[in-house]
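Report on the structure given below.
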Amino acid sequence: MLEKMKIRNSEPTDYERVMKVMVDWWGGRDLRSRVYEDLFLHFKQTSFIVEDEKGELMAFLLGYLSQTFIHEAYINWIGVHPDHRDEGIARMLYERFYEVARANGRNRVTCRTALVNQASMKWHQHIGFAVEEKNGRYFFSREI
Ligand SMILES: CC(C)(COP(=O)(O)OP(=O)(O)OC[C@H]1O[C@@H](n2cnc3c(N)ncnc32)[C@H](O)[C@@H]1OP(=O)(O)O)[C@@H](O)C(=O)NCCC(=O)NCCS
């Protein structure tokens, strides 16, 4: 499957497509108001879209290089179509992100996830992230 996918940087027009699938992909949680349209344009070098051979959306990653912490890059959102989970797509997107982050002098990747999203908590730990709780918020990090 991985060989039939097309991976490219995000475009502003991807925002609406992501909005259409998010509630479903997040199992009914509606987090759409927390995804900023501007990310798709202003952070396109560190944001990726995966499509199948027919152009259907399979996955997306939105991330950026931290301006505050010059050795860090931050992953804001990762989502994979429910029919394509466990195929290594999210891992592959993270690795793509690490490459860009390293090329920009970053050696650490961080992200956050909500306690309610146990699958995400477990997944991040499975792929090598350490988790730290501060005031009820869960911060993930790993060296790259
Ligand atoms: C979390 C999510 C991004 C994982 O995507 P995915 O493409 O299925 O993950 P991958 O196939 O790349 O998984 C890589 C590895 O993690 C394992 N894995 C997958 N889901 C897992 C889970 N919930 N818990 C623990 N391990 C998991 C896979 O078996 C695979 O293991 P291996 O290669 O070491 O044998 C996906 O489930 C998703 O989109 N969830 C809904 C959106 C979400 O919650 N996003 C995260 C918060 S922004």
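The values are calculated or read from the model by the stated rules, or taken from the named source; none is laboratory data. Everything numeric here is computed off the predicted structure, so don't read it as measured data. Virtual Cβ from ideal backbone geometry, glycine too; neighbours counted across all protein chains shown. Protein only, heavy atoms only, side chains kept; ligands, DNA and RNA dropped before computing areas. Shrake-Rupley method; radii C 1.70, N 1.55, O 1.52, S 1.80 Å.
Numbers at a glance
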quantity	calculated
Zone residues, region 59-74, relative to residue 9, backbone N less than 15 Å from point 7 Å out along Cα-to-Cβ	61-65
Cβ-placed point charges (K, R +1; D, E -1), dipole of region 1-74 about Cα centre in debye, nearest 20	80
Exposed-loop-free span, longest in the chain, where trypsin sites (Lys or Arg not before Pro) count as exposed if DSSP calls them loop and at most 12 other C-beta atoms lie within 10 Å	55-144
Accessible area of residue 13 in the full protein assembly, 1.4 Å probe (Å², nearest 10)	110
Electrostatic dipole magnitude of the chain [Cβ: Lys, Arg +1; Asp, Glu -1; Cα centre; debye, to 20]	420
Helical contribution to [θ] at 222 nm, DSSP H n ≥ 4, -39,500 (n - 2.57), averaged over the chain, rounded to 500	-8500 deg cm²/dmol
Coil-residue GluC sites (Glu not before Pro) of region 1-108, DSSP, other Cβ within 10 Å capped at 16	53, 56, 87
Dipole of the chain, positive end: most advanced residue of 105, 61, 7 [Cβ charges, Cα centre]	105
Spacing of the two label points (7 Å from each Cα toward its C-beta) at residue 118 and residue 133, in nm	1.4
Rounded if a/c under 1.5, otherwise prolate or oblate - region 35-144, Cα gyration tensor axes	oblate
Nearest-10 value in Å² for the accessible area of residue 123, using the 1.4 Å probe	70
